[in-house]
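**Student:** Got a structure for you, questions after.
The values are calculated or read from the model by the stated rules, or taken from the named source; none is laboratory data. Keep in mind that what you see is a predicted model, and the values were worked out from it rather than measured. Ideal geometry is used to build each Cβ from the backbone, glycine not excepted, and the neighbour counts take in all protein chains shown. Heavy atoms of the whole protein, side chains included, go into the accessibility calculation; ligands, DNA and RNA do not. Shrake-Rupley method; radii C 1.70, N 1.55, O 1.52, S 1.80 Å.
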Amino acid sequence: MSFYLKDGLNFVSKLTLRRLWNATKVTGSYYLSKWLQRPIQWGVPITISFEPTTACNLRCPECPSGLRAFTRPIGNLKEDFFRQTIDHLYKDLQCLIFYFQGEPYINPQFLDMVQYAHRKRIYTITSTNGHFLSDQNARKTVESGLDRLIISVDGTTQETYESYRKEGKLEVVLQGARNIVKWKKALKSHTPHIIFQFLVVRPNEHEIPEIYRLALEIGIDEVKLKTAQVYDYQQGNPLIPTIDRYTRYARQTDGSYRIKNKLLNHCWKLWHSCVITWDGIVVPCCFDKDALHRLGNLKQQTFQEIWQGGFYRRFRVQLLQGRKNIDICTNCTEGCKVWG
């Protein structure tokens, strides 16, 4: 049985009739909203992203966490608040992404929270820079029941890797991946499904074939190539790849750049998912990195009050009227193809 099929069957195994009905309601309300051009929201999110921490050990140049550029507070998600939120949502929730900003493994309670979600039969995902996958943490990761582990490996040589992953050590990341593979075999576990995510930028685009070879050698289940978000792209940027299929930006005749993606006035993310910061702020999606579009606070309101509340409704109205007028939408990948 292929790794992809195992992962797919694992995802489907988490479905219940209630979760399926919720997904049906959410999907139906999304398409009805597109058709009527007014926001209709049935059900609750199919997927949420929960932020374990805003702290990070690296200094990646296009990341506010790496740049230490947040205006919002830095901190760790508390386990009691996490459990309280999950207890309220888990019956309808299919997928939980333990990631927004920061490095999840910095939060000392991270894997305990993964295990709690696993016991609620929620499909769990995290994304890591791979520097904390010691032998002990690798074993705990497999034992936690984590379903999908995305490891960022943006180069196959140290020189290339550290050109973006500032202060990172490639061999530490690769050894961490080997540790996870080892413990999956030792514990006879099908999870987590391990992905090498390769963020394609100009300095590493020549190493794309090598990342596939390296993943095969270590025993990684899947490689995903990801296009890079660049903040200052209009006049070009040394991170923009030369290979057109791997860039979000198109060069124009005057030498400037524009985003390839057409900003259609609808967005699936606003109907099926949301992001919760470590301190309980609900924001529309992962592009609101500094939590500027605050739709509610779970420490002051219930999730249902926020999801069906005035701030959310107004944001959906604004989106349907003109996505180009929302700052976090202007550099968005929704609709862009991701290659693997």
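**Student:** Can you report the number of residues in the stretch 1-52 which are at pLDDT below 95, aliphatic (A, V, I, L, M), assigned to a loop (DSSP other than H, G, I, E, B) and out of contact with any helix residue (DSSP H, G or I) (no Cβ under 6 Å at 6 or more places or on another chain)?
**Tutor:** Total satisfying the criteria: 1.
**Student:** Something else now. If you scan the stretch 73-99, which residues turn out to be farther than 24 Å from Pro192 by Cβ, touching a residue at least 40 places away in the same chain (Cβ under 8 Å) and exposed (fewer than 15 other Cβ atoms within 10 Å of the Cβ)?
**Tutor:** Passing the criteria: only Pro73.
**Student:** Report every pair of residues separated by at least 6 positions or lying on different chains whose Cβ atoms are under 6 Å apart, first residue within the stretch 205-232 and without any contact (Cβ under 8 Å) to a residue 12 or more places away in the chain, second not in a loop (DSSP other than H, G, I, E, B).
**Tutor:** From residues that are without any contact (Cβ under 8 Å) to a residue 12 or more places away in the chain, the pairs are Tyr212/Val223.
**Student:** OK, next. Specify which of the listed residues (Ile106, Ile86) is closer than 20 Å to Lys166 by Cα and more than 16 Å from the chain's Cα centre (by Cα). Can you show your working first?
**Tutor:** Working: Ile86 fails: closer than 20 Å to Lys166 by Cα.
It is Ile106.
**Student:** If you scan the stretch 7-50, which residues turn out to be among the charged types (D, E, K, R) and open to solvent by less than 70 Å² (accessible area, probe 1.4 Å)?
**Tutor:** So the first thing to find is which residues in the stretch 7-50 are among the charged types (D, E, K, R), and the list is 7, 14, 18-19, 25, 34, 38.
Residues satisfying the conditions are Asp7, Lys14, Arg19, Lys25, Lys34.
**Student:** Output the number of the condition that Asp154 fails; it satisfies all remaining conditions of (1) surrounded by fewer than 23 Cβ atoms within 10 Å (Cβ to Cβ); (2) acidic (Asp, Glu); (3) touching a helix residue (DSSP H, G or I) at 6+ places or on another chain (Cβ under 6 Å).
**Tutor:** Unmet condition: (1).
**Student:** Moving on to the next point. Can you confirm whether the stretch 245-255 contains a residue that is in contact (Cβ under 8 Å) with a residue 60 or more places away in the chain, closer than 30 Å to Arg72 by Cβ and open to solvent by less than 30 Å² (accessible area, probe 1.4 Å)? Show your work before the answer.
**Tutor:** Of all residues in the stretch 245-255, those in contact (Cβ under 8 Å) with a residue 60 or more places away in the chain come to 245-246, 248.
From what is left, the residues that are closer than 30 Å to Arg72 by Cβ are 248.
Still in the running and open to solvent by less than 30 Å² (accessible area, probe 1.4 Å): 248.
Yes, because at least one residue in the stretch 245-255 is in contact (Cβ under 8 Å) with a residue 60 or more places away in the chain, closer than 30 Å to Arg72 by Cβ and open to solvent by less than 30 Å² (accessible area, probe 1.4 Å).
**Student:** If we scan the stretch 259-280, do we find a residue that is aliphatic (A, V, I, L, M), touching a strand residue (DSSP E or B) at 6+ places or on another chain (Cβ under 6 Å), under 23 Å from Gln101 (Cβ atoms) and at pLDDT 90 or above?
**Tutor:** Yes: the stretch 259-280 contains one or more residues that are aliphatic (A, V, I, L, M), touching a strand residue (DSSP E or B) at 6+ places or on another chain (Cβ under 6 Å), under 23 Å from Gln101 (Cβ atoms) and at pLDDT 90 or above.
**Student:** Out of the helices (runs of 4 or more DSSP H) lying entirely within the stretch 61-173, which hold 3 or more residues that are of a type in the set (Val, Ile, Thr)? First the steps, then the outcome.
**Tutor:** Working: elements: 79-89, 110-119, 135-144, 158-164.
Of the helices (runs of 4 or more DSSP H) lying wholly inside the stretch 61-173, none has at least 3 residues that are of a type in the set (Val, Ile, Thr).
**Student:** I would also like to ask the following. Taking the stretch 111-122, which residues are crowded, with 19+ Cβ neighbours inside 10 Å and either of a type in the set (Val, Ile, Thr) or closer than 15 Å to Ser189 by Cβ (or both)? Walk me through how you get there before you give the answer.
**Tutor:** So in the stretch 111-122, the residues crowded, with 19+ Cβ neighbours inside 10 Å come out as 111, 113-114, 116-118, 122.
Leu111, Val114, His118, Ile122 - these are the residues of the stretch 111-122 that are crowded, with 19+ Cβ neighbours inside 10 Å and either of a type in the set (Val, Ile, Thr) or closer than 15 Å to Ser189 by Cβ (or both).
**Student:** Shifting gears a bit: Do you know which residues across the stretch 194-211 are within 19 Å of the chain's Cα centre (by Cα) and open to solvent by less than 10 Å² (accessible area, probe 1.4 Å)? If you could, list the steps in order and put the result at the bottom.
**Tutor:** Within the stretch 194-211, the subset within 19 Å of the chain's Cα centre (by Cα) is 194-201.
Across the stretch 194-211, the qualifying residues are Ile194, Ile195, Phe196, Phe198, Val200, Val201.
**Student:** Report every pair of residues separated by at least 6 positions or lying on different chains whose Cβ atoms are under 8 Å apart, first residue within the stretch 1-18 and within 15 Å of Arg148 (Cβ to Cβ), second open to solvent by 60 Å² or more (accessible area, probe 1.4 Å).
**Tutor:** Lys6/His190; Asn10/His190; Lys14/Arg121
**Student:** Right, something else. More than 20 Å from Pro238 (Cβ to Cβ), part of a helix (DSSP H, G or I) and out of contact with any His (no Cβ under 8 Å at 6 or more places or on another chain): does that describe Ile180? So that I can check it myself, show each step before the final result.
**Tutor:** Values: more than 20 Å from Pro238 (Cβ to Cβ): yes; part of a helix (DSSP H, G or I): yes; out of contact with any His (no Cβ under 8 Å at 6 or more places or on another chain): yes.
Criteria met by Ile180.
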